[in-house]
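One structure is given below, encoded as structure tokens.
Every read-out reported here was derived from the displayed coordinates using simple, explicitly stated rules and does not represent laboratory data. A quick note: this is a predicted structure, and the numbers were derived from the prediction, not measured. A quick note on method: Cβ atoms are made from the backbone with ideal geometry, for glycine too, and the neighbour counts reach across all protein chains shown.
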Amino acid sequence: MKRFLLVIVACCTALSVAEAKQKMPENSDDRVYCYELNPERRRIVAIPNIDGYITLKGDFHMHTSYDDATVSPQGRVREAWAEGLDVIAMTPHIGVHKNKGIRLKDYNIPYELAAKEAKKWGVTVIKGVEITRAKPFGHMNALFLSDCNGFSEKRYVRDADGKLLTNKDGVKINDEQTLAADLARAEEQNAFILWNHPGWPDKKCTMYPVHKKMLEEGRIHAVELFNAHEWYPKVLDWFDKYELPMMANTDAHSPTGMDYGKLVRPMTIVFAKENTVEGVREALFAKRFLAFFAQKLAGDGDLIKQLITKSLQVRVLDAKKGLLEVTNISDIEFTTMYGDHMNPVIFSPREARRVTVPKGTVLNFTNCFAGRNTVKMEIW
Ligand SMILES: [Zn+2]
Ligand SMILES: [Zn+2]
């Protein structure tokens, strides 16, 4: 009996070895390509189109190894594609060169490298620069430039010995002449002017007279509500008061995978007629965009309502009782309060849930900001 068992075990072992050998790829001599780890993967960020427009996921503020970041322009394009974006802007700081051996003489180069790479991946790249000054002016992106050169590297006031002068708070003093020339240079190219991170670096989100004047003259087209890892609630008040549209951008300096990991990266959602530079330009100047970050959506209330309507598909199970099956087809989480619920009712990304919402009930979407007010609407 023992011998019989041994024979069976031996046979099984021989069979499994043969099986294992057969499972190896035929061309596995020395080098086996791991398709399981194929790096060319794109995350699909589900945000539906609205009527008449396609929804583009964009990031209009980022840096590369050509100014003070650690990723090449081509790397930025690949990150964008892999992380589900459709459009990005190259916005090198003017006059900032942090990486030894790289000193941009031609500020169009990051765009040119990115645009060439982007053709392979179907990403749209916008040509821009970041006009970089101390506060009160701060930083502003000039987007849709035809030429990134001609902006001034002489940014601050110096004494006769070339030493940088500072004010009583230790802040560098802007050279007003070069600043005015830089803005004129951007405006002669019909640039879209984005006021970046108004609450950085001093944690004070202040609208200085220079901004007020520019706003009154229609020379600032948008402001960042969100930048990198922070947001500025005061910007919601400016939206209410000045109808100043809001963006969420990464201002990426590190690899974005390090910054946001598996989370959906912050983005500006654009409703465009087509995914081209011209299409994006038209949409931005027409103010058809929203800021989306950390499951917060902010901007024009009507656009948000359209996006909610397309994202939440409602099936009425019992009209009398108000029993619904609501399927959220998007990657946006919608948090609502309504009726006598003490706790929020959350419609999670790509999930259906059954809820009782009597006809005519107004839901308060507490993570959707049309300025300071949250969006309130019926869903059926
Ligand atoms: Zn900046
Ligand atoms: Zn920046």
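Tell me the chymotrypsin sites (Phe, Trp or Tyr not before Pro) within the stretch 44-141 that lie in a loop according to DSSP and have at most 15 other beta-carbon atoms within 10 Å.
none
If you count, for each residue, the other Cβ atoms within 10 Å and average over each peptide, how do 82-91, 364-373 line up from highest to lowest? Working shown, then result.
Values: 82-91: 24.7, 364-373: 18.5.
Ranked from most to least packed, the peptides come out as 82-91, 364-373.
I need the trypsin sites (Lys or Arg not before Pro) found in the stretch 220-280, filtered to DSSP loop residues with at most 15 other beta carbons within 10 Å of theirs.
Sparse-neighbourhood loop trypsin sites (Lys or Arg not before Pro): Lys262, Lys273.
Quick one: length gained pulling Thr276 to Ser72 fully straight, 0.36 nm per residue minus the C-alpha distance? Display every interim value, and only then the final one.
Numbers: separation 204, 0.36 × 204 = 73.44 nm, distance 2.24 nm.
In short, 71.2 nm is gained.
Under unit Cβ charges (Lys, Arg +1; Asp, Glu -1), what dipole magnitude, rounded to 20 debye, does the stretch 305-377 have relative to its Cα centre? Present the calculation step by step, with values, prior to reporting the outcome.
Values: 11 positive and 6 negative charges, 50 e Å.
I would put it at about 240 debye.
So what's the angle, to the nearest 10 degrees on a 0 to 90 scale, between helix 109-121 and the longest Cα principal axis of the chain?
Tilt relative to the chain: about 30 degrees.
Hand me the GluC sites (Glu not before Pro) from the stretch 189-255 located in a DSSP loop with no more than 10 other Cβ atoms within 10 Å, in residue order please.
Hits after loop and neighbour filter: Glu217.
Mind sorting Ser65, Ser330 by how few other Cβ atoms lie within 10 Å of their own Cβ, fewest first? Don't skip to the answer; put the middle values down first.
Working: Ser65 16, Ser330 21.
Ordered by Cβ neighbours within 10 Å, fewest first: Ser65, Ser330.
Relative to the longest principal Cα axis of the chain, at what angle does helix 2-23 sit, 0 to 90 degrees, rounded to 10?
40
Using the crude model of +1 on Lys and Arg Cβ and -1 on Asp and Glu Cβ, and no other charge, please compute the dipole size for the chain relative to its Cα centre, in debye to 20. Could you put the intermediate results ahead of the total?
Numbers: 53 positive and 49 negative charges, 198 e Å.
In total the dipole reaches around 960 debye.
Report the gain in length on full extension from Ile329 to Asp240: 0.36 nm times residue separation, minus Cα-Cα distance, nm rounded to one decimal.
Numbers: separation 89, 0.36 × 89 = 32.04 nm, distance 2.97 nm.
My answer for the length gained is 29.1 nm.
In degrees, nearest 10, range 0 to 90: what is the angle between the Cα axis of helix 73-82 and the longest Cα principal axis of the chain?
The two axes meet at around 50 degrees.
In Å³ and rounded to a whole number, note down the convex hull volume per residue for the Cα atoms of the chain. Could the numbers behind the result be given before it?
Working: hull volume 96.5 nm³, N = 380.
Per residue, the Cα convex hull of the chain comes to 254 Å³.
Taking the alpha-carbon centroid of each part, what is the distance from the stretch 311-363 to the stretch 206-259 in angstrom?
32
As I understand it, the dipole of the stretch 78-206 uses +1 on the Cβ of Lys and Arg and -1 on the Cβ of Asp and Glu, about the Cα centre. Which of Val87, Ala191, Asn99 lies farthest toward its positive end?
With unit charges placed on the Cβ atoms, the residue in question is Asn99.
What distance in nm lies between label points placed 7 Å from Cα along the C-beta direction at Lys163 and Glu188?
3.6
Taking 0.36 nm per intervening residue step and subtracting the Cα-Cα distance, what contour gain separates Lys105 from Arg350 on full extension? Please list the in-between numbers first.
On the way: separation 245, 0.36 × 245 = 88.20 nm, distance 4.72 nm.
That pair, Lys105 and Arg350, stretches by 83.5 nm at full extension.
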